[in-house]
Amino acid sequence: MEGKRLYCIRGAACAENSKESIRAAVRKLFDGICDGNAFAAEDIVSVQFTMTRDLDTLNAATALRTCGTRLDVSAVPLFCAQEPEIIGMMPRVIRTMVTAYMPEGSKLRNVYVNGAEVLRPDLAGLRPKQAEAQ
């Protein structure tokens, strides 16, 4: 991987507890990460997900395999776990971490969508006033 190094791109999306909503949120999240970062399917080492306990109709890794994303992830190792439950945590959240080789010096674009922008306004590109409004 000459001229490349390993990076982790983070993101999150909110979804309703239905297969359709989880699949749509995972597609929007993953496609946003792919669009904003310079990697190909063969550069991806793994994709890890966590989901809050209230999302129990579809595993996010299964959703990624079946939702028709821009990159073919059929050979990519995927993993999904339940998010640790914390008092006051935001409900109905899918979080991800994509580990991939990208050109050295790449500027990462982390992706927060569907209301999850408030989790990390610093990474979602929101100014403080925008984060408070959400």
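See the values below:
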| quantity | calculated |
| --- | --- |
| Rg/Rh (Cα only; Kirkwood hydrodynamic radius) as it applies to the range 51-95 | 1.04 |
| Per residue accessible area in Å² of the range 5-68, where ligands, DNA and RNA are left out and the probe is 1.4 Å | 42 Å² |
| Accessible area of the range 1-128 belonging to carbon and sulfur atoms, whole % at 1.4 Å probe | 52 percent |
| Cα Rg, Dmax (largest Cα-Cα span) when computed across the range 1-45, Å | 13.2, 43 |
| log₁₀ of I(q)/I(0) at q = 0.23 Å⁻¹ - the range 10-69, Debye sum with one point per alpha carbon | -0.94 |
| Net charge of neighbours whose Cβ lies under 11 Å from the Cβ of Thr52, counting Lys and Arg as +1 and Asp and Glu as -1 | -1 |
| Proximal charge balance of Thr66 [Cβ under 11 Å; K/R count +1, D/E count -1] | +4 |
| Dimensions (Å) - the chain, Cα atoms, principal axes, largest first | 45, 34, 23 |
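The values are calculated or read from the model by the stated rules, or taken from the named source; none is laboratory data. Remember, predicted model here, so these are calculated numbers, not experimental data. As a convention, Cβ positions derive from the backbone with ideal geometry for all residues, glycine included, and neighbour counts pool all protein chains shown. We work out accessible area using only protein heavy atoms, side chains counted, and drop any ligands, DNA or RNA first. Shrake-Rupley method; radii C 1.70, N 1.55, O 1.52, S 1.80 Å.
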